[in-house]
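Quick notes on the structure that follows.
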Amino acid sequence: MNGRRPRVLVNCAVSLDGRLAYAGGARARLSGPEDLIRVMRIRAASDGVVVGVGTVLADDPSLRVHWELLGETGGRAPYRIVLDSRGRTPEGARVLDGSAPTLLATAADCPRRFPEGIERYRGGTGRVDLEGLLGDLADRGFRQILVEGGAEVLSSFFRAGLVDRATVYIAPWLIGGHTAPPLLGGPECPDAAATIPAGPVTAEPLGAGLLLTFSPPGRAGAPL
């Protein structure tokens, strides 16, 4: 790794009480029409869209740009990048369908083989080495990636100081309960010293919801 990395954008949508999904991680369509268009614009401007294998298992996303929402017929497809330390992506997952360039990032010792045409990054012991992955993406010419989740992936990027800009759409309803996943997973936060600084936060109305934007202080290498 040469110290360079792509610019890292994080985006997600949560309920008013900060939940990413319904009970047990069941998919919740939290973005309104205006937010969906905004997200598609960010996807279209990014070199890659990153999710964790948990999102693939729960939602089977295509991670494509819905050009029709942007009033366009098509364009360059960003890479679909899946963080899958142990190689759990199902053979029939849409991210493996060959319709867009795809990269699977696994731990170094993961023996899983993926279909021909699927690119691979191996790095890290037990978990994917995020800084190593970002260095690899920089070497491939990536200048910007969009990280979309889930909670464990978002937590990993924030706690590593790898987020340059974050946008969070707040949907105008509450979910509650004990098993609906929050915005951040990962280790428990025992006190104020373990919190993650977010920096100044701006808020603006977007459709029926609210869009928060902030830039956490980074600490892991300069973006390209």
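The values are calculated or read from the model by the stated rules, or taken from the named source; none is laboratory data. Given the structure is predicted, the values throughout are model-derived calculations rather than measurements. Note that each Cβ is placed from the backbone with ideal geometry, even for glycine, and that neighbours are counted across all protein chains shown.
Odds and ends about this structure:
- Any chance residue 54 is of a type outside the set (S, T, N, Q), over 25 Å from residue 102 (Cα atoms), out of contact with any strand residue (DSSP E or B) (no Cβ under 8 Å at 6 or more places or on another chain) and assigned to a helix (DSSP H, G or I): no
- Residue satisfying condition, being modelled with pLDDT of 95 or more and under 20 Å from residue 63 (Cβ atoms), within set 171, 208, 151, 138: 151
- The listed residues are 64, 41, 80, and the only one of them that is assigned to a loop (DSSP other than H, G, I, E, B) and not aromatic (Phe, Trp, Tyr) turns out to be 64.
- A single entry from 59, 47 fulfils the requirement of being acidic (Asp, Glu), crowded, with 19+ Cβ neighbours inside 10 Å and closer than 28 Å to residue 133 by Cα: 47.
- The range 119-172 holds strands (runs of 3 or more DSSP E) entirely within its bounds, and those carrying 2 or more residues that are more than 12 Å from residue 50 (Cβ to Cβ) map to 119-122, 165-170.
- Yes/no for residue 52 being touching an Asp or Glu at 6+ places or on another chain (Cβ under 8 Å) and either surrounded by 15 or more Cβ atoms within 10 Å (Cβ to Cβ) or small (Gly, Ala, Ser) (or both): yes
- Pairs where the first residue, in the range 106-122, is surrounded by 12 or more Cβ atoms within 10 Å (Cβ to Cβ) and the second is outside any loop (DSSP other than H, G, I, E, B) and of a type in the set (Lys, Arg), C-beta under 6 Å, 6+ apart: 106/122; 108/122
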